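Pasting a structure here, questions to come.
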Amino acid sequence: MSSSHEKSPALRAALDGLAEGASVERTVLRDAVRELLAELARRAPGRSVEVRVPPYGAIQCVEGPRHTRGTPPNVVETDPITFLGLASGSVTWEEGLRTGRIRASGIRADISHLFPVF
């Protein structure tokens with residue numbers, strides 16, 4: 001991750017809070033997730049996989065056939081806490097799938113190589 005993201009107050013506050021077992025303010029969590037989604041889109045440009053982190057955001061990324069209408073064929077969805085864990089390396093892709101915290105469908109949905117983000 002670029003140094004500008006490492007110094008993000010929202011990202012730092014969210015990760016520090018989670019590491020300490022504290023609850024993270026909703027606005028801080030939202031901003032951290034959105035920053036990480038933007039970084040993921042920057043690192044893996046494209047429109048073949050939709051990554052959803054409800055209720056805070058969704059992006060399309062990864063090169064390949066572009067999706068334009070209806071339900072995308074390649075979808076990854078997870079909750080905000082799991083997404084931050086993936087990005088930081090405290091949650092592995094395999095662990096997230098096994099526990100149901102990550103739902104991935106489609107032949108291009110394995111984006112494990114993109115994590116951790118920093």
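The values are calculated or read from the model by the stated rules, or taken from the named source; none is laboratory data. Remember, predicted model here, so these are calculated numbers, not experimental data. With ideal geometry, Cβ positions are generated from the backbone for all residues, glycine too; neighbour counts draw on all protein chains shown. Only protein heavy atoms, including side chains, enter the accessible area calculation; ligands, DNA and RNA are left aside. Shrake-Rupley method; radii C 1.70, N 1.55, O 1.52, S 1.80 Å.
Residue-wise, which Karplus ³J(HN,Hα) couplings in Hz belong to the stretch 30-45, taking 6.51 cos²θ - 1.76 cosθ + 1.60, θ = phi - 60°, and x for glycine or proline?
4, 5, 5, 4, 5, 5, 5, 4, 4, 5, 4, 5, 5, 6, 10, x
With the full set of protein chains in place, find how many percent of the accessible area of the chain is carbon and sulfur; take the probe as 1.4 Å.
Carbon and sulfur atoms account for 50 percent of the accessible area of the chain.
Please list, in order along the stretch 85-97, the HN-Hα scalar couplings obtained from phi with the Karplus expression 6.51 cos²θ - 1.76 cosθ + 1.60 (θ = phi - 60°), rounded to whole Hz, x for Gly and Pro.
So the J values, rounded to whole Hz, are x, 4, 4, 8, x, 7, 10, 8, 4, 4, 4, x, 5.
Which residue, R42, R101, R30, has the most motion in a Gaussian network model of the chain that connects Cα atoms within less than 10 Å?
The residue that fluctuates most here is R42.
Further question: Please give, to one decimal in nm, the separation of the simple spin-label points placed at F118 and S90, each 7 Å out from Cα toward the Cβ.
Here the answer is 1.4 nm between the modelled labels.
Another question, then. Dipole magnitude of the chain about its Cα centre, charges +1 at Lys/Arg Cβ and -1 at Asp/Glu Cβ only, in debye to the nearest 20?
Rounded to the nearest 20 debye, it is 460 debye.
If you don't mind, another one. Please report the relative contact order for the chain, taking Cα pairs under 8 Å with a sequence separation of at least 6, and give it as a percent rounded to a whole number.
Over the chain, the number comes to 22 percent.
Give me the accessible area per residue for the stretch 34-111, probe 1.4 Å, as a whole number in Å².
With the other protein chains kept in place, the stretch 34-111 gives 51 Å² per residue.
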